[in-house]
1. Which length gain, in nm to one decimal place, applies between A:ALA229 and A:TYR129 when the Cα-Cα distance is subtracted from 0.36 nm times their residue separation?
2. If you place +1 on the Cβ of every Lys and Arg and -1 on the Cβ of every Asp and Glu, how big does the dipole about the Cα centre of chain B come out, in debye to the nearest 20?
3. For the stretch A:13-228, what is the convex hull volume of the alpha-carbon atoms per residue, in Å³?
4. Which one of B:GLN35, B:VAL16, B:ILE47 is farthest out on the positive end of the charge dipole of the stretch B:5-64, using unit charges on Cβ (Lys, Arg +1; Asp, Glu -1) and the Cα centre as origin?
5. In the calculated pair distance distribution of the stretch B:76-160, what percentage of Cα-Cα distances lie above 20 Å?
6. Are any of the pairs A:LYS4/A:LYS35; A:LYS338/A:LYS374; A:LYS8/A:LYS91; B:LYS70/B:LYS106; A:LYS32/A:LYS144 more than 20 Å apart by Cα-Cα distance, and if so, which?
7. Lys/Arg Cβ at +1, Asp/Glu Cβ at -1, dipole of chain A taken about the Cα centre: which of A:ASN150, A:PRO397, A:THR238 is farthest positive-ward?
8. Stick to the Cα atoms of the protein assembly as shown, pair each with every other, and give me the Kirkwood hydrodynamic radius in Å at one decimal.
Amino acid sequence: MEKKILFKYIDDPLQVNIDTYMSHGGYKAWEKVLKSMKPAEVIDEMKKSGLRGRGGAGFPAGMKWSFIPKDSPKPRYLVCNADESEPGTCKDRVLMEHDPHAVVEGMAIAAYAIGSHQAFCYVRGEFAYPAAMMEKAIDEAYSKGILGKNIFKSGYDLEMVVHTGGGAYICGEETALLNSLEGERGMSRIRPPFPAIEGLYGCPTVVNNVETLAVVPQVINMGAEWYAAIGTEKSKGTKIFSLSGHIKRPGNYELELGTKLSYLMNDLGGGMLDGHKLKAIIPGGSSTPFLLPNQIDTPLDYESLAAAGSMLGSGAVIVIDERTCMVWVIERLIHFYKHESCGKCTPCREGTGWLEQLIGRIEAGEGQQGDLEKIDSICDNILGRTICPLGDAAVMPIQSALKLFRDEFQYHIDNKKCLVKTEFEFK
Amino acid sequence: MILKEKAVAEIKSRMVRYPHRKSAILPALTVAYRQEGHLSPALYREIAKIIEVPYIEVAEAASFYTMFPKEPVGKYLIQVCHNISCALLGADSLIHYLEEKLGITKGETTPDDIFTLISVECLGSCATAPMMQINDKFYENLTREKVDRILEELREQARNGKENTV
């Protein structure tokens, strides 16, 4: 079912103003935390809520916070990951544009929980408007004494800075993000050490996604038990799904985890665009394996999508209809991953290039017998052999397409043309 | 100096917000790009001097980030998303339409230096596809009619000699 926690005030144009935000109970959780909760209590509350990271990996947020060493003499940093770049994903932008104070408040609470006095919000460079909305919200919060020195007379100080990137998908990966924030090229770091031990400037750091942080104030206000009662046994709460592609009503929808994919696509999305037949669905952003039409009733939660052979990922549902050539889809995706590979690990740097050439030539009608086996082999040699998940992300949709639509790829090679081909026209 | 006083002041005010000044490289590159529309070694030198880091560190970072053009572009940089969600709704036909309207092919600049057309990866506007970014602004749910109107408005702005607000 649709359930609006993050999106409760999303349609109120005044929600971006601090006074309106506060009239809706905003910054009450921040005040409560500062005045009456110890950092360890905040972390416990988050663990009890079962909130998992909404950026893609789904790691429990409270657990992540608890990895910060209690006795480190170094400063700690909280970083909000607003580098939203996974193709199909457009939810964090909506939160920053329409409810930026919720993100600020969530960042503040997370910072307090880990003992951080300096928080950064890393916004992808192209998001000039969302970044401006975040800066405005932060300025308003400073002017009310909600950020800065001695907040709510608690003695706690917190500085918050918006940092904009330079258009690199890889910077959504947390260690690449940290390098980028340090002024370096956005290349991933080998783990361990994990950011919780050695993150930003070599200090303990937590990196959380925008959507994860934006719900934190609600968890504090309403309590962990309230939040944990929403969703399924292992997938708690709600999640924003970005619905795009061949669908009548694309958009961002907030659903209770465990809601059926068919409900999102048909009841909310209005069904297939122009009545065409469904061919495939990417359920969690472009790096997640495809689902087939007979899987449309899969519940949207971490476990069910894993059991269906895919992933919840960032919650970006891309709908593909029967007119679409899957070789063309994969060519589009591998071009992206090739472009975005940072070049640090050889399997990813070289492998994505080879994949792009092979898939490109099949799409161009110049495929050769044996190309699919070559693609299989290259995929096997990238998967799990790189220091960050970009290599895996590039390979997963290709392996999935070759498994589910292998005949279509073979047809392309044998007949030097698409099995189905539509030149999609914009209106 | 290429960087104007206002740009230098903004870089300096951003620089002091970080525990380490090197973090200001990306914000400084953004400020420089907004003023000039593209980056160049001369700008890297100026930025290096302001932040007090070696020139090579600025150049090295700049070369990694594809959002900043490294060659001059037109007054309006049109970036059409060609990634999957937009492609499913006709991004390729949008690019062709713009090529025809502007009389250039992708990657080129119009002879009057007003428009440069390129295609880019996903811009996080998937539920409002197809879309394009022109300088800092997103234009979404594009139709032929909308594109015609946008181009006309921008041409008008360019004729009136409005400042380059990337």
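The values are calculated or read from the model by the stated rules, or taken from the named source; none is laboratory data. Only a predicted model underlies this, so the values are computations on that prediction, with no experimental measurement involved. Every residue, glycine among them, receives a Cβ derived from its backbone with ideal geometry; neighbour counts consider all protein chains shown. Heavy atoms of the whole protein, side chains included, go into the accessibility calculation; ligands, DNA and RNA do not. Shrake-Rupley method; radii C 1.70, N 1.55, O 1.52, S 1.80 Å.
1. 32.5 nm
2. Details: 21 positive and 23 negative charges, 135 e Å.
That gives a dipole near 640 debye.
3. Working: hull volume 24.6 nm³, N = 216.
Each residue corresponds to 114 Å³ of Cα convex hull volume.
4. Final value for the positive-end residue is B:VAL16.
5. 24 percent
6. Working: A:LYS4/A:LYS35 28 Å; A:LYS338/A:LYS374 17 Å; A:LYS8/A:LYS91 14 Å; B:LYS70/B:LYS106 17 Å; A:LYS32/A:LYS144 16 Å.
Listed pairs above 20 Å: A:LYS4/A:LYS35.
7. The Cα lying farthest towards the positive end belongs to A:ASN150.
8. Values: mean 1/r = 0.0407 Å⁻¹.
The answer is 24.6 Å.
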